[in-house]
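The values are calculated or read from the model by the stated rules, or taken from the named source; none is laboratory data. In this text the structure is predicted, and so the values were computed from the model without any measurement. We place every Cβ from the backbone using ideal geometry, glycine too, and count neighbours over all the protein chains shown. Each accessible area value is taken on the protein alone, full model and side chains, heavy atoms only, with ligands, DNA and RNA left out. Shrake-Rupley method; radii C 1.70, N 1.55, O 1.52, S 1.80 Å.
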Amino acid sequence: MSDTGVLTSLGAVNPLGPGERLLVVGGGYTGQRFAAAARARGAQVWLTSRSAQEEPHWLRFNAGEGAIPELPEALSHVLITLPPNGDGEDDAYNLLRASLEQQPLDWVGYLSTTGVYGDTQGQWADEGSPTQPGLRRSQSRLQCEQRWLASALPLQSFRLPAIYGPGRCPFQQLEQGTARLIHKPKQVFCRIHVDDIVGALLHCCDLPAEARPTVLNVSDDLPCPSSETLGYAAHLLGCKLPAVRTFQDAQAAMSPMALSFWADNRRVSNALLCQKLGYRLRYPTYREGFAASWDEERNRPK
């Protein structure tokens, strides 16, 4: 939800809507939701995909196969959702940045991660906190973020925690009996509904350029243990929870990737987004977000 009236005196506003031309680099889960919202506002939208698509608004971008798209002309907005590749390099930066810098862009969004703050041992992190990532993938993302911020583009970096939404909640795992209920003392996780990512991006597009923070956390109001969110998901489904296991007992059977999610313990502040910039979260906690996601999943055409 945007309310930019108090900020418009700062300068001209060029909202993402009719007449604007958006490129989404990385048309995955979040990219497609953002593209749909921009299209609903009247913007012309292109997305990139690693594989060929029949629709003309999809552009093939697969650096490993040498498929580099020719960008549409006169782009006004760009969203970059691609993570670093397996070598820690940013294909979008390496192969598209120079072309993007020739475009008449009003706004460029880069999706980063709150992992750049590293392990705060459960303490709060805001945009001014030190960036001390411990995980390799978070170190790579911070390096890529810094390169984008040093470019000549009108760029904002959005630091995101775990993303959830329709199809990205633990409902299927509960139904299939594969969900794991793990307890680790004092461990919390932050999360954000995909539609609040979209809402925050649009909110920033609607602000005057000088009112847009260079770096912005996008997280909900309630960091909490994963056992709490799994319990609420089970409540929505009306099913039983699996037996609780301690992290100490469960970790031996976890993959390195699964273990990495438990390596950092932090709370991420959204005060800049929600208090100073005035964005109102559509889903302030996982409760509202899980309920809406479950409704959307149940009502999808079979």
Worksheet item: Quick one: Leu59 ticks every box in (1) within 19 Å of the chain's Cα centre (by Cα); (2) assigned to a strand (DSSP E or B) bar one, so which box is it?
Response: (1)
Item to complete: Inspect the range 243-254 for any residue being hydrophobic (A, V, I, L, M, F, W, C), open to solvent by 50 Å² or more (accessible area, probe 1.4 Å), out of contact with any Pro (no Cβ under 9 Å at 6 or more places or on another chain) and not in a helix (DSSP H, G or I) and give the result as yes or no.
Response: yes
Worksheet item: For the range 87-197, which fully contained strands (runs of 3 or more DSSP E) count at least 3 residues that are within 17 Å of the chain's Cα centre (by Cα) and touching a residue at least 24 places away in the same chain (Cβ under 8 Å)?
Response: 107-113, 155-160, 162-164, 191-193
Practice prompt. Please tell me if Trp124 is modelled with pLDDT of 95 or more, open to solvent by 70 Å² or more (accessible area, probe 1.4 Å) and of a type in the set (A, V, I, L, M, F, W, C).
Written response: yes
Item to complete: Please name all residue pairs, on different chains or six or more residues apart, with Cβ atoms under 8 Å, provided the first residue is in the range 286-302 and is in contact (Cβ under 8 Å) with a residue 40 or more places away in the chain and under 16 Å from Glu228 (Cβ atoms) and the second residue is open to solvent by 30 Å² or more (accessible area, probe 1.4 Å) and aromatic (Phe, Trp, Tyr).
Response: Tyr286/Tyr232; Arg287/Tyr232; Phe290/Tyr232
Worksheet item: Can you name every residue in the range 98-121 that is closer than 24 Å to Asn62 by Cβ and surrounded by fewer than 18 Cβ atoms within 10 Å (Cβ to Cβ)?
Response: Ala98, Ser99, Glu101, Gln102
Worksheet, complete the sentence: Of the residues in the range 265-297 that are of a type in the set (Phe, Trp, Tyr) and part of a loop (DSSP other than H, G, I, E, B), the one that is most open to solvent (accessible area, probe 1.4 Å) is Tyr283
Discussion item. For the range 21-46, give me each residue that is part of a loop (DSSP other than H, G, I, E, B) and buried (at least 21 other Cβ atoms within 10 Å of the Cβ).
Written reply: Gly26, Gly27
Fill in: Residues located in the range 198-226, provided they are surrounded by fewer than 16 Cβ atoms within 10 Å (Cβ to Cβ) and not in a loop (DSSP other than H, G, I, E, B)
Ala209, Glu210
Practice prompt. Restrict the check to the range 228-242 and report whether at least one residue is open to solvent by 40 Å² or more (accessible area, probe 1.4 Å) and among the acidic types (Asp, Glu).
Written response: yes
Discussion item. Taking the condition of being among the charged types (D, E, K, R) and farther than 27 Å from Thr120 by Cα, how many residues in the range 196-225 meet it?
Written reply: 2
Worksheet item: If you go through the range 241-256 one residue at a time, do you hit one that is free of Cβ contacts under 8 Å to residues at least 60 places away in the same chain and under 22 Å from the mean Cα position of the chain (by Cα)?
Response: no
Worksheet item: When you look at Ile163, is it open to solvent by less than 20 Å² (accessible area, probe 1.4 Å) and of a type in the set (Val, Ile, Thr), yes or no?
Response: no
